[in-house]
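Report on the structure given below.
Where a number appears in this text, it was derived from the coordinates with a stated rule and is not lab data. Bear in mind the structure is a predicted one, so any value in this text is a computation, not a measurement. Here the Cβ is made from the backbone with ideal geometry for all residues, glycine too, and neighbour counts use every protein chain on show.
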Amino acid sequence: MIYLVEDDDNIRKLVKYALAKEGFEVTGFSVPTEFWEHMRTVMPQLVILDIMLPEEDGLSILKRLKENNKTEQIPVMMLTAKDSEFDKVTGLDMGADDYIAKPFGTMELISRVRAVIRRYDKTRSKNIFQIGELYVEPAKHIISVSGQEIELSYKEYLLLIALLEAEGSVVDRNTLLTRVWGEYYTESRTLDVHIRKLRVKLGEAGSLIQTVKGIGYKIGGGSYA
């Protein structure tokens with residue numbers, strides 16, 4: 001199920017029609033109150049948010065989703081004005097998984113939606129990672145250090161999984177940016193900020209994440225089940 005929050009009737013109908021043709025189930029909302037009401041009963045696989053909305057703007061909705069531990073793992077795609085670089089960067093820094101600028105082609109939209117869902121599903125496909133005191137079980141979304149469960153944001157979680165899946169090899173910066181933020185995002189400062197936050201949250205296991213100067217990051221060797 002995909003939730004689409006878009007107040008423009010024509011765009012909402014176009015997006016719903018294009019995605020439905022590709023086999024996606026889509027529910028559209030013209031106002032945020034309708035969206036939040038449905039969120040109480042059925043959680044979506046993906047949320048597509050317009051920035052400019054009545055009642056509450058898309059960035060505010062994104063912030064609320066990412067601050068709630070029940071919804072922070074839901075991937076979010078933002079619809080932005082074509083030339084609004086501020087909205088794009090702000091949304092991605094706040095936890096959005098991708099953005100698409102209006103006007104957009106339906107084929108590009110479908111491709112981007114599939115890419116976001118694919119990235120999300122990939123993080124759930126591994127079994128168990130055990131490195132020192134760090135334990136990660138993606139299928140159950142369990143992250144613990146020395147037996148103590150750790151809460152990560154969705155982006156921090158994606159970064160950790162990307163490093164773990166490399167099994168001790170270095171992951172270059174561009175690969176991490178593409179894997180976590182999508183192929184259209186290149187602001188590397190954001191990567192460093194998220195790595196720093198991830199290290200802090202992992203506590204004693206934070207030192208497992210090593211910086212490889214001029215290349216990227218890697219995580220210490222361990223058990224990859």
Checklist outcome for this item: Rounded to 0.05, the calculated FRET efficiency for the beta carbons of MET107 and SER188 at R₀ = 30 Å is 0.55
Checklist entry - Short version: ³J(HN,Hα) in whole Hz for each residue of region 36-44, in order, from phi by Karplus 6.51 cos²θ - 1.76 cosθ + 1.60 (θ = phi - 60°), x for Gly and Pro, what are they? => result 5, 5, 6, 4, 6, 10, 10, 8, x
Checklist outcome for this item: Net charge near GLY216 (other residues with Cβ under 12 Å of its Cβ; Lys, Arg +1; Asp, Glu -1) is +2
Checklist entry - Can you list the residues, at least 5 places off or on another chain, whose amide H is less than 5 Å from the amide H of VAL26, using H built in the peptide plane? => result ILE2
Checklist entry - Of LYS70/LYS213; LYS70/LYS197; LYS140/LYS213, which pairs sit farther than 25 Å apart, going by alpha carbon to alpha carbon? => result LYS70/LYS213; LYS140/LYS213
Checklist outcome for this item: Partner aspartates and glutamates whose C-alpha sits under 17 Å from that of LYS155, ignoring same-chain residues fewer than 8 away, are GLU67, GLU72, ASP93, ASP97, ASP98, ASP121, GLU137, GLU165, ASP172, GLU183, GLU187, ASP192
Next on the checklist: How tilted is helix 106-122 with respect to the longest principal axis of the chain? Cα atoms for both, answer in degrees (0 to 90, nearest 10).
Outcome noted: 30
Checklist outcome for this item: Listed by chain and number, the residues whose amide H is under 5 Å from that of ILE48, excluding neighbours fewer than 5 places away on the same chain and using placed H, are TYR3, LEU4, VAL5, MET77
Checklist entry - For region 129-224, what Kirkwood radius comes out of the mean inverse Cα-Cα distance, in Å? => result 13.3
Checklist entry - By how many degrees, 0 to 90 and rounded to 10, does the Cα axis of helix 9-21 deviate from the longest principal axis of the chain? => result 60
